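S.K.: Before we start, here is the structure in question, set down as structure tokens.
The values are calculated or read from the model by the stated rules, or taken from the named source; none is laboratory data. Source: prediction; values computed, not measured. Don't worry about glycine lacking a Cβ; one is built from the backbone with ideal geometry, like all the others, and counts go over all protein chains shown. Ligands, DNA and RNA are excluded from the accessible area calculation, which covers all protein heavy atoms including side chains. Shrake-Rupley method; radii C 1.70, N 1.55, O 1.52, S 1.80 Å.
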Amino acid sequence: MVQTSESESRKLLGALRDAMAEDSAGQARLDKIVQLTAGSMRSQVCSIYLFRDSETLELCATEGLNAAAVHQTRMRIGEGLVGRVARFNRIINTADAPSAKGFRFMPETGEEIYSSFLGVPIQRLGDSLGVLVVQSKEAREFSADEIYALEVVAMVLAEMTELGAFVGDGDALSARHQKPVTFQGRSGQEGVAEGVVYLHEPRVVVTNPIADDPEVEQNRLEDALDRLRVSVDQMLADARSGDAEQLEVLEAYRLFAHSKGWRRRMEEDIQRGLSAEAAVEKEQSTARSRIGQSKDAYLRERLHDLDDLSNRLLRLLTGQGSDTGAEVPHNPILVARNIGPGELLDYGRNLRGIVLEEGSVGSHAAIVARALAIPLVIHAKGIVTEALNGDLIMVDGDQGTVHLRPDEGVQKAVQDKIAMMRQAADRYVELRDKPAQAKCGTVVELLMNAGLMANLPSLASSGAEGVGLFRTELQFLSQNKMPKRGELVAQYTRVMDAAEGLKVVFRTLDIGSDKVLPYMAPQDEPNPAMGWRAIRVGLDKPGILRMQLQALLRATAGQELSVMFPFVAQYDEFHGAKAELERAKAREAKLGHTPPRNIRVGAMLETPSLAFAPNQFFKEVDFLSIGGNDLKQFFFAADRENERVRKRYDTLNTSFLNFLEQIVERARTSNTQLSFCGEDAGRPLEAACFAALGIHTLSMRPASIAPVKHLIRRIDLKKLKLVIDNARNEGHQSVRGPVLEWVRLNS
Ligand code: PEP
Ligand code: MG
């Protein structure tokens, strides 16, 4: 059996480095690599297959196979042994390739005479770039040492690929970061934007994967690990008083930083000829491909920790900070794997758009992006690897599509869409100070939803008559520690000042479900949307609710305070919350603070149960606001975060409208003010239907005020009600079709 010793693999790496240093074109370099590798591994064949596009691999260089097949032989990912290595990101090592599962014969390559096959993925941090293969006539399995040596060559190749070392004519790699790519993700916030890529955390670039002197590298690694351990210990010391979850993560970091196994593997990599940073990255890549596909959420979470720690170590070794000095462009579109709400708030309104590889519609980042009205696309898989700082990028938050380095045709189409939206916005400016009065004379009150100070300038520009829903939890979510009462008083005072006398409805904290405070221990619940959230938390652990109510009372001294409680499912919850308010009022009076001039106490109607509450509840509550996002998910038993089921049920479904109408009727007979503040209130057709059914106060995103007003002013709500009634009588499942048709003809 052929043994490739450590010094052998160092020799190969040394030769590869010399080959790289030569002033030759991309193809010549690839040819040299396959030639050297085949020789060193004592195999007759060595070939490099690289991705031509995300689905197709191309033979880009070979020693031993038919030279005419280079740049001709192509296969789809998953096809043949090479395609399978790429698809599963796994090594294939077989003594009898033709009998191996998935084997596909490529006659043009002349490979039929080679029995043994060893293929390893060329990957960088879990992203597949291609496949490196050696083959030999002798029927044998390759040894662990040989596999290792080939993996190291693959890793160097991946590193060089990133550095553009192979850029040259006809080279699949040269095109990698130049071609237009479209990503189909999901919409996190509507809107269309054009700008240039600004990477949240640019990749650390390893410029020297191969090293001369293992001892020097060993010392560098040692030194960096020491510094890493000190910084983790420091983080732990700083967090001692923090919450349990943060401590748990840092403890995991500490375990990794002190892990002998991790260090030993990196030392072995160095002994075989890698530089310290290349050794860190190799172990990071290996862990990613091993754990990344695991279904175990805990393991994946730990991978995240290891990734973070490896990146810190790489930054220590290379001196590259996350701030690489890249200038923030004037029209930045932030590209990131994921981002926290606090970091996003740091970038603030300057961002034109945001694209995330991960994230979810209900993530904190999405909530903040929505509050800032920045188009957001989530689940754009692969964008972090593809995008480079400065690339042109277009984000269509309506469709969940991202065009990276778009060609002229796509640029034009997106620019047309942006221009059309601007024109519509210009047309809306003149509507700003006009009432939302329908042709029948009915006036609809249009309010806006907010949650951050940054939203309040929109109050004047959108034409909203006040804030119908101030989601107080956004301020809690965007900080990494519990705000103090004084801070809350200051925040709410600023909100009241910015509103300049217009109504503001504060909703007390709605945490739980998808909104998890970073500084509170997360609840391990099977179904958090129906779990311990909102007023349930407020009543069971009243500390925060009390502090919040006190802060609201102080911030609205001498003015009107409108406060509502989220997720009230039964009468006694409202009672309990109101009792807390009464107690807070009494305490404030005792302390001699000026009370608000008037207090209105409301509840959100977000669970079907509340619609059937006793009459006394409807009489006692000053106002009710329908939280359609939650109400709809519970009415249809369809998770609002699960696009597949959410879209299945139309808001204009007859059953849902019948239900809303019952709520309108109950509110009317008990003289309770009623509004609707879920996302659907911001969709013109839905808004018009709600108004036609008798909901005359709607609260929505600021950007929706003008389009909703525009439609309402052009139609007769009484006539629309007849259209809805007609459609219901005819047995339509949804009234959308008939309503749309009528609006088209009558507006
Ligand atoms: C709602 O459920 O409709 C609502 C406005 O509350 P949130 O979206 O914050 O849950
Ligand atoms: Mg809700």
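S.K.: On the Cα set of region 497-607, report Rg and Dmax in Å, please.
M.R.: Using the Cα atoms of region 497-607, the pair Rg, Dmax is 14.7, 46 Å.
S.K.: Nearest 10 degrees, 0 to 90: what angle lies between the long axis of helix 260-271 and the longest principal axis of the chain (Cα atoms)?
M.R.: Between the helix axis and the principal axis of the chain, the angle is about 40 degrees.
S.K.: Can you give the Rg to Rh ratio of region 685-747, both from alpha-carbon atoms, with Rh computed by the Kirkwood formula?
M.R.: Ratio value, two decimals: 0.97.
S.K.: Then there's this: What nm distance separates the two modelled labels at E500 and R583, each placed 7 Å from Cα along Cα→Cβ?
M.R.: For the pair E500/R583, the computed spacing is 4.0 nm.
S.K.: Using only alpha carbon pairs under 8 Å that are at least six residues apart, calculate the relative contact order of the chain and give it in whole percent.
M.R.: Reported as a whole number, the value is 10 percent.
S.K.: More than 18 Å apart: what percent of Cα pairs in region 362-433 qualify?
M.R.: Tail of P(r) above 18 Å: 54 percent of Cα pairs.
S.K.: Let a ≥ b ≥ c be the square roots of the eigenvalues of the Cα gyration tensor of region 603-730; is it rounded (a/c under 1.5), or, if not, prolate (a/b larger than b/c) or oblate?
M.R.: rounded
S.K.: Please work out whether region 2-162 counts as rounded, prolate or oblate from its C-alpha gyration tensor, where a ≥ b ≥ c are the square roots of the eigenvalues and a/c under 1.5 means rounded, while otherwise a/b larger than b/c means prolate and anything else oblate?
M.R.: Here region 2-162 falls in the rounded category.
S.K.: Hey, what's the per residue convex hull volume over the C-alpha atoms of the chain, in cubic angstrom?
M.R.: For the chain, the hull spanned by Cα atoms encloses 182 Å³ per residue.
S.K.: Computed over the Cα atoms of region 434-496, what is the ratio Rg over Rh, Rh following Kirkwood?
M.R.: 1.13
S.K.: Ok, one more. Calculated from DSSP H runs of 4 or more alone, at -39500 (n - 2.57) each and per residue, what is the 222 nm mean residue ellipticity of the chain, nearest 500?
M.R.: -14000 deg cm²/dmol
S.K.: Of all accessible surface on the chain at a 1.4 Å probe, what whole percent is carbon and sulfur?
M.R.: 50 percent
S.K.: Can you give the FRET efficiency for D238 and E327, using 1/(1 + (r/R0)^6), R0 = 30 Å, r = Cβ-Cβ distance, to the nearest 0.05?
M.R.: 0.45
S.K.: Could you calculate, for region 564-642, the ratio of the Cα radius of gyration to the Kirkwood radius, expressed as Rg to Rh?
M.R.: Using only Cα positions, Rg/Rh for region 564-642 is 1.09.
S.K.: Same structure, new question: Cα axis of helix 702-714 to longest principal axis of the chain: angle in degrees, 0 to 90, nearest 10?
M.R.: 50 degrees
S.K.: Under the definition of Cα pairs under 8 Å and six or more residues apart, what whole-number percent is the relative contact order of region 186-285?
M.R.: Value for region 186-285: 40 percent.
S.K.: For the chain, what is the accessible area per residue in Å² when the probe is 1.4 Å?
M.R.: Per residue, the chain has 43 Å² of solvent-accessible surface.
S.K.: If the cut-off is 26 Å between C-alpha atoms, which lysines fall inside it for K179, apart from same-chain ones fewer than 8 positions away?
M.R.: Answer for K179, where 26 Å is the Cα cut-off: K381, K412, K417, listed by chain and number.
S.K.: Do any GluC sites (Glu not before Pro) in region 680-747 lie in a DSSP loop with no more than 11 other beta carbon atoms within 10 Å, and if so, which?
M.R.: E730
S.K.: Using a simple spin-label model with points 7 Å from Cα along the Cα→Cβ vector, what separation in nm is obtained for E55 and K484?
M.R.: Modelled inter-label distance: 6.0 nm.
S.K.: Determine, from the Cβ-Cβ distance of F105 and A28 and an R0 of 30 Å, the FRET efficiency 1/(1 + (r/R0)^6), rounded to the nearest 0.05.
M.R.: 0.55
S.K.: Right, another one. Hey, with R₀ at 35 Å, roughly what FRET efficiency would N598 and R432 work out to, going by the Cβ-Cβ distance, to 0.05?
M.R.: Efficiency at R0 = 35 Å is approximately 0.80.
S.K.: Between N629 and V443, with labels modelled 7 Å along Cα→Cβ, what's the label distance in nm to one decimal, could you check?
M.R.: 3.0 nm
S.K.: For a test of the definition: using alpha carbon positions, the gyration tensor, and the 1.5 limit on a/c, classify region 42-98 as rounded, prolate or oblate.
M.R.: Oblate, because a/c is 1.5 or more while a/b does not exceed b/c.
S.K.: Kindly report, to the nearest 10 Å², the accessible surface of M520 as traced by a 1.4 Å probe over protein heavy atoms only.
M.R.: M520 has an accessible surface of roughly 50 Å² with all protein chains in place.
S.K.: For E201 and E358, calculate 0.36 nm times their separation in residues minus their Cα-Cα distance, and state this gained length in nm to one decimal.
M.R.: Once the chain is fully extended between E201 and E358, it gains 55.1 nm.
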